[in-house]
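Just below is one structure, and these are the notes that go with it.
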Amino acid sequence: MSPKVGSRLALGAHRCTVRYIGPVPPFQGEWLGVEWDDPSRGKHDGTKDGIRYFSCIAPGTPGSFIRDSPALSQGTTFLAALAQKYMDFNQAPNGQVDTVVLGSSGGAIVVEAPRLTGVRQRLARLDALRVVSLDDELVSNPGEPDEIRSKDLSK
């Protein structure tokens, strides 16, 4: 899937938002104008050789032109990220230790225990959760209109 303007991307640990897609003469091919979450990663403000291709929200020089490549990870919808983090799980084979990452610790807090199925099932009951965290999940858009309203999150 090709990125679109407004898409969230990751290049390794670096996150950015696509602000422009198109040519940047005199260079050949299509370029992505991105605004980095960490402004120090950028090289300019969306202007190249006196031509403004895009504008950045952050002040300074948080922008870069990059090529689309397999190294770029693309964002996902709110519901897809929610389902992946809280609802999709693989149970460890019977008798083996299971693991679960707690909250938005980014993997810093991992609990190992046998039979975490009950904990996972409670987390999957989204209607019962008071707080959810989708930090580092690359949420780039809410999804299709009314997609959230049409889902039964109690399953």
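For Y20, the amide hydrogen comes within under 5 Å of the amide hydrogens of G33, counting only partners 5 or more places away or on other chains and with H modelled in the peptide plane. Solvent exposure of the stretch 11-56, expressed per residue, is 56 Å² of accessible area, with all protein chains present and a 1.4 angstrom probe. Proximity of backbone amide H atoms, modeled 1.01 Å from N, is registered between N141 and T76, F78 at under 5 Å, excluding neighbours fewer than 5 places apart on the same chain. Shown here for the stretch 17-71: trypsin sites (Lys or Arg not before Pro) in loop regions (DSSP other than H, G, I, E, B) with at most 11 other Cβ atoms within 10 Å, namely K43, R67. Here the Karplus relation 6.51 cos²θ - 1.76 cosθ + 1.60, evaluated at θ = phi - 60°, turns the backbone of the stretch 53-68 into coupling constants of 9, 7, 10, 9, 6, 6, x, x, 10, x, x, 8, 9, 9, 9, 5 Hz, with x for every Gly and Pro.
For R15, nonlocal amide neighbours, meaning residues 5 or more places apart or on other chains whose placed amide H falls under 5 Å from its own, are D37, D38.
The values are calculated or read from the model by the stated rules, or taken from the named source; none is laboratory data. Here the structure is a predicted model, which means the values were calculated and not measured. Every residue, glycine as well, gets a Cβ built from its backbone with ideal geometry; the counts of neighbours run over all protein chains shown. All accessible areas refer to the heavy atoms of the entire protein, side chains included, with ligands and DNA or RNA removed. Shrake-Rupley method; radii C 1.70, N 1.55, O 1.52, S 1.80 Å.
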